[in-house]
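Throughout, read-outs are computed from the coordinates displayed, never taken from laboratory work. In this text, all values refer to a predicted model and were calculated from it rather than measured experimentally. Cβ coordinates were reconstructed from backbone atoms using ideal geometry, including for glycine residues, and neighbour counts include every protein chain displayed.
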Amino acid sequence: MMLGLRDQHDYFECAHCGCLQIAKVPDNLPEYYPDDDYYSYNKIEPASGLKGKLIRERDRYAATGKGLIGKFMQGIQPHDKLPSIARANVRPDSRILDVGCGAGHLLHSLQEAGFSHLLGIDPFNAESIAYDNGLRIEKKSIHELNLNDPQKGWDLIMFNHSYEHVFDQIEVLEKTFSLLKPGAISMIRIPTVTSWAWRNYGVDWVQLDAPRHLFLHSIRSMHILAEKTGFELMDVVYDSFAFQYWGSIQYQNDIALHDANSYAVNPEKSMFSAEQIKAFETQSKQLNREKAGDQAAFYLKKPL
């Protein structure tokens, strides 16, 4: 339904932990990631002048909690993803790896905000990317990375809505464990079936996203994964937003995400008023407080 193909795919639900898993990965899975309109692959053109400076100050505050100007900017035009990085207690000199990052939008914000030891990897990019600000995005998988010196491991390894696309879940998490410094964090931001949206919308839940999402975890299944791979699941922070409402309601009404009258494409022609979207945002914040939003950041710690 993201692309409007309306083909069907079977999933099964684990009776023990509630995790959803696709029954068969389609042979043509790359066709569900079109290069021409998949936002994650779009390269970044940073803002310049005063606007660029204010954005950098905002992003520095969002990621580190420091800076009065940035605090003000975050209050009026917040960056919705960087605060989840701040919870991992990173500093501008922290070594941060983003796995499955596409063109590296999040890392680019961090680089512009003064972070200096960043790397993005994505095996599905057309080519490696070298940005003018020094950020590198390499066309490779996590299995191709190695550590010559364990003391130079990563302080934070992130999966920002990429882990649900990974088939070899345990192997990838084991590799992540080996690349982290002792006491370091892996942050995995994913949709979760421990949510009101999955219980309410079922197969019309927009973040089911068949067949691209191969696994949709529950809190319990993430605990099991952490235990199997040596991690401690130290925190879960829900960060869902209005998308869980309007995207799922569109699917209930047979409106694909990329349809001309989708809210994602043309808000003015969509079935939702501005007041409804605002209400969805308010309701999403309440779901997050109740630990029932449809996506969350899982913080896995490697023991000392």
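Estimated from helical segments only, the mean residue ellipticity of the chain at 222 nm is -9000 deg cm²/dmol, where each DSSP H run of four or more residues counts as -39500 (n - 2.57).
When each of Arg60, Arg6, Arg189 is scored by the number of other beta-carbon atoms lying within 10 Å, the sequence from fewest to most is Arg6, Arg189, Arg60. Measuring nothing but how far apart in sequence close Cα pairs (under 8 Å, 6+ apart) lie, relative to its length, segment 39-166 scores a relative contact order of 23 percent.
Is the C-alpha gyration tensor of the chain telling us rounded, prolate or oblate? Criteria: a/c under 1.5 is rounded; beyond that, a/b larger than b/c is prolate, otherwise oblate. It is rounded, given that a/c, with a ≥ b ≥ c, falls under 1.5. Under a 5 Å amide H cut-off, with hydrogens placed 1.01 Å from N, Leu180 pairs with Trp154 among residues at least 5 apart or on other chains.
Pairs of Cα atoms nearer than 8 Å and 6+ residues apart set the relative contact order; for the chain it is 19 percent.
From the alpha carbon centroid of segment 241-268 to that of segment 157-194 is 29 Å. As a proxy for reagent exposure, Cys19, Cys101, Cys14 were ordered by neighbouring Cβ count within 10 angstrom, fewest first; the result is Cys14, Cys19, Cys101. Relative contact order of segment 192-303: 41 percent, from C-alpha pairs under 8 Å at least 6 residues apart in sequence. Neighbour counting of Cβ atoms within 10 Å sorts the residues Thr192, Thr282, Thr176, fewest neighbours leading, into Thr282, Thr176, Thr192.
Straight-line cross-link reach from Lys228 at under 17 Å between alpha-carbon atoms covers these lysines, not counting any fewer than eight positions away in the same chain: Lys175, Lys301, Lys302.
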